[in-house]
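Enquirer: Handing you this structure, nothing more for now.
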Amino acid sequence: MITRRKSVTVKIDSVLMGADHPIVIQSMTNTPTANIEETINQIKHLEDAGSELVRITVNDNEAMIAVEEIVDKLRSDGYVAPIVGDFHYNGHILLSKHPNSAKALAKYRINPGNVGKKEKHDKNFSQMIEIAIANNKAVRIGVNGGSLDQDLLTDLMNQNAILENPKDAKFVFYEAMVQSALNSAKQAEEIGLSKNKIVLSTKLSDVQDMIYVYQKLAKISDYALHLGLTEA
């Protein structure tokens with residue numbers, strides 16, 4: 001049994017997560033988001049099945065343009081699950097170019113390993129966080145084992161290599177996952193995003209690896225956590 005400090009509560013539209021609130025179920029569409037009718041139908045099926053949040057891929061202009069219409073039609077049909085936008089590589093551009101869709105989304109998912117390298121990383125990440133602040137949106141900082149910041153991992157591996165008793169490489173990888181999430185959360189707070197707008201995830205494709213990393217993260221932080229398994 002892992003005990004942790006009580007996490008903050010994060011509000012995503014009408015959905016509350018973290019602290020003593022019940023676990024919230026989220027699922028994701030696998031349709032091309034630009035196909036509005038298919039995406040809406042799948043979101044409805046997911047909400048009908050019990051999904052309390054639904055994540056959609058927002059990977060290009062067509063998908064981002066479709067967001068506003070998707071959310072409007074869902075609400076007019078009585079569906080209430082908050083819609084989460086999953087961004088990679090070009091999220092800073094899409095959120096800036098399409099402010100109405102940025103407002104329509106309930107939460108943004110940012111993968112810190114996919115927002116650029118070095119100076120571009122900080123600029124692009126900051127741009128997305130600033131838009132989230134302006135729109136009063138929550139952000140999930142979703143670190144993924146398959147796209148982990150290689151500069152951070154290399155630095156930790158090099159530090160480990162010179163220790164008298166170096167750790168197994170997999171434990172250094174775990175530490176890099178945790179550090180990436182916490183460093184990005186700290187950066188978001190420094191930009192001005194409040195802690196009650198931040199959700200962290202550290203997703204891996206092996207269940208035991210995932211459990212180990214989340215246990216470590218839970219021991220040392222009080223951010224709300226999103227438990228996810230890559231390629232589930």
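The values are calculated or read from the model by the stated rules, or taken from the named source; none is laboratory data. Computed from a predicted model, the values in this text were never measured in an experiment. Cβ coordinates were reconstructed from backbone atoms using ideal geometry, including for glycine residues, and neighbour counts include every protein chain displayed. Heavy atoms of the whole protein, side chains included, go into the accessibility calculation; ligands, DNA and RNA do not. Shrake-Rupley method; radii C 1.70, N 1.55, O 1.52, S 1.80 Å.
Enquirer: Restricting to the stretch 35-54, name every residue that is under 13 Å from Val80 (Cα atoms) and among the charged types (D, E, K, R).
Expert: Selection gives Lys44, Glu47, Asp48, Glu52.
Enquirer: Can you tell me how many residues within the stretch 28-62 are of a type in the set (Ser, Thr, Tyr), closer than 20 Å to His88 by Cβ and open to solvent by less than 40 Å² (accessible area, probe 1.4 Å)?
Expert: Taking the stretch 28-62 first, the residues of a type in the set (Ser, Thr, Tyr) are 29, 31, 33, 39, 51, 57.
Checking the rest, the ones that are also closer than 20 Å to His88 by Cβ come to 29, 31, 33, 39, 57.
Keeping just the survivors that are open to solvent by less than 40 Å² (accessible area, probe 1.4 Å) gives 29, 31, 33, 39.
Summing the residues that are of a type in the set (Ser, Thr, Tyr), closer than 20 Å to His88 by Cβ and open to solvent by less than 40 Å² (accessible area, probe 1.4 Å) in the stretch 28-62 gives 4.
Enquirer: Restricting the search to the stretch 107-141, which residues are among the small types (Gly, Ala, Ser), closer than 22 Å to Thr230 by Cα and modelled with pLDDT of 95 or more? Even if it seems obvious, please write down each step before you answer.
Expert: Residues of the stretch 107-141 among the small types (Gly, Ala, Ser): 113, 116, 126, 132, 134, 138.
Pick out the ones that are also closer than 22 Å to Thr230 by Cα and you get 113, 116, 138.
Once the filter is applied, which keeps residues that are among the small types (Gly, Ala, Ser), closer than 22 Å to Thr230 by Cα and modelled with pLDDT of 95 or more, the stretch 107-141 yields only Ala138.
Enquirer: Condition (residue is part of a strand (DSSP E or B), open to solvent by 20 Å² or more (accessible area, probe 1.4 Å) and modelled with pLDDT under 95) applied to the stretch 147-169: is it met by at least one residue? Walk me through how you get there before you give the answer.
Expert: Taking the stretch 147-169 and keeping what is part of a strand (DSSP E or B), we get none.
No, the conditions are met nowhere in the stretch 147-169.
Enquirer: Hey, another quick one. Of everything in the stretch 194-212, what is within 16 Å of the chain's Cα centre (by Cα), under 13 Å from Tyr174 (Cβ atoms) and of a type in the set (Val, Ile, Thr)? Give them in sequence order.
Expert: The answer is Thr202, and nothing else.
Enquirer: Now for a different question. Which residues, counting only those in the stretch 175-226, are under 13 Å from Ser7 (Cβ atoms), open to solvent by 50 Å² or more (accessible area, probe 1.4 Å) and without any contact (Cβ under 8 Å) to a residue 60 or more places away in the chain?
Expert: Ile220
Enquirer: Now for a different question. Somewhere in the stretch 70-89, is a residue of a type in the set (Lys, Arg) and over 27 Å from Asn196 (Cβ atoms)?
Expert: yes
Enquirer: Working only within the stretch 63-80, note down all residues that are surrounded by 23 or more Cβ atoms within 10 Å (Cβ to Cβ) and under 21 Å from Lys11 (Cβ atoms).
Expert: Val67
Enquirer: Something else: Of all residues in the stretch 102-136, which are over 12 Å from Ser184 (Cβ atoms), of a type in the set (Gly, Ala, Ser) and either open to solvent by 10 Å² or more (accessible area, probe 1.4 Å) or part of a helix (DSSP H, G or I) (or both)?
Expert: Ala102, Ala104, Gly116, Ala132, Ala134, listed by residue number.
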